[in-house]
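All remarks here apply to the structure that follows.
The values are calculated or read from the model by the stated rules, or taken from the named source; none is laboratory data. Keep in mind the model is a prediction, meaning the values are calculated, not measured. Backbone-built Cβ (ideal geometry, glycine too); neighbour counts: all protein chains shown. Note: areas computed on protein heavy atoms with side chains; ligands, DNA, RNA excluded. Shrake-Rupley method; radii C 1.70, N 1.55, O 1.52, S 1.80 Å.
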Amino acid sequence: MSGSETVVITGFGPFRQFWVNPSWRAAQDLKLCGLGERIEVHIKEIPVSYVQSQHVIAEIWQTLNPKFVVHLGVARGCRVVILEQTAKNSGYRDRDVCGFCPESHCCVNEGPETLCSVVNMLPVSKLFRKSGMDVLCSRDAGRFLCEFTYYCSLYHGQGRAALIHIPTHGRLASADRLLPLLKSIIQTMLSQMDDDGRAEVVYSPYEHTPQSKNMQSLNTLHEPEVCMKNILKVNDR
């Protein structure tokens with residue numbers, strides 16, 4: 001595809017009761033519908049394994065050189081779409097499907113404790129909530145494979161990644177409702193980015209001043225809705 005830009009969308013493999021993970025099904029659906037004429041969409045299924053997920057993420061960034069990578073994960077028991085702003089390096093103590101847990105409990109030894117996406121999730125979530133959509137942003141991605149994978153991708157891609165938790169309950173659990181929403185969310189994220197894959201200044205519909213999308217501003221951003229998953233007690237990613 002001449003003049004196209006590569007976007008990779010990932011979903012997770014089988015986990016507990018999900019023989020076909022809803023996140024992987026959503027990634028496949030997004031591949032079929034596409035993200036626009038100039039976007040070449042690749043999809044990858046990520047095993048719910050710390051070791052294997054590290055290998056897949058490294059391969060994505062080394063071989064495909066994408067403009068942006070979107071990771072889809074499942075928030076069990078949740079009814080809203082959650083856009084994750086940050087990923088933590090430490091605190092991974094739950095075992096994966098292989099019964100393994102990193103001895104260091106870290107994603108990257110001696111890596112920064114917190115990494116942020118270049119996309120500012122707060123104005124994105126506000127934009128969709130203003131349109132009546134159940135979309136929230138968060139800074140607590142659950143400390144399991146979703147957040148582990150997200151951190152590794154942010155690390156390799158210098159922030160050019162996103163993690164979206166999709167619901168298993170409610171009206172947005174329906175593919176007919178979820179797919180067009182996910183497509184619009186990802187296209188909105190891409191619109192924040194310039195040709196170099198860095199975040200540019202965009203305007204929040206709730207504010208009269210532009211918000212800078214550099215890493216420093218993201219680290220200090222105040223988000224009143226960040227506790228949504230704590231309220232729902234959704235820690236099983």
task = Would you mind classifying region 1-65 by shape? Square roots of the alpha carbon gyration tensor eigenvalues, ordered a ≥ b ≥ c; an a/c under 1.5 is rounded, otherwise it is prolate if a/b is larger than b/c and oblate if not.
result = oblate
message = I want the local charge near VAL70. Using Cβ-Cβ distances under 12 Å, sum +1 for each Lys or Arg and -1 for each Asp or Glu among the other residues.
response = +4
message = I'd like the carbon and sulfur percentage of the solvent accessible area for region 1-152, probe radius 1.4 Å, heavy atoms only, ligands and nucleic acids excluded.
response = 50 percent
key: Only Lys, Arg (+1) and Asp, Glu (-1) charged, at Cβ; region 22-72 dipole about Cα centre in debye   = 60 debye
query = Using a 1.4 angstrom probe and counting only protein chains, how large is the accessible area of LEU122 in Å², to 10?
reply = 10 Å²
key: nm² value of the averaged projected area, convex hull over the Cα atoms of region 128-176   = 4.6 nm²
inquiry  = Give me the extension gain from ARG79 to ARG93: residue separation times 0.36 nm, minus the current Cα-Cα distance, reported in nm with one decimal.
reply    = 2.4 nm
request  = Of the listed pairs LYS31/LYS67; LYS126/LYS183; LYS44/LYS183; LYS31/LYS126, which have alpha-carbon separations greater than 20 Å here?
outcome  = LYS31/LYS126
remark   = So for region 76-135, using the alpha carbon gyration tensor with a ≥ b ≥ c as root eigenvalues (a/c under 1.5 gives rounded; past that, a/b versus b/c decides prolate or oblate), I'd call it oblate
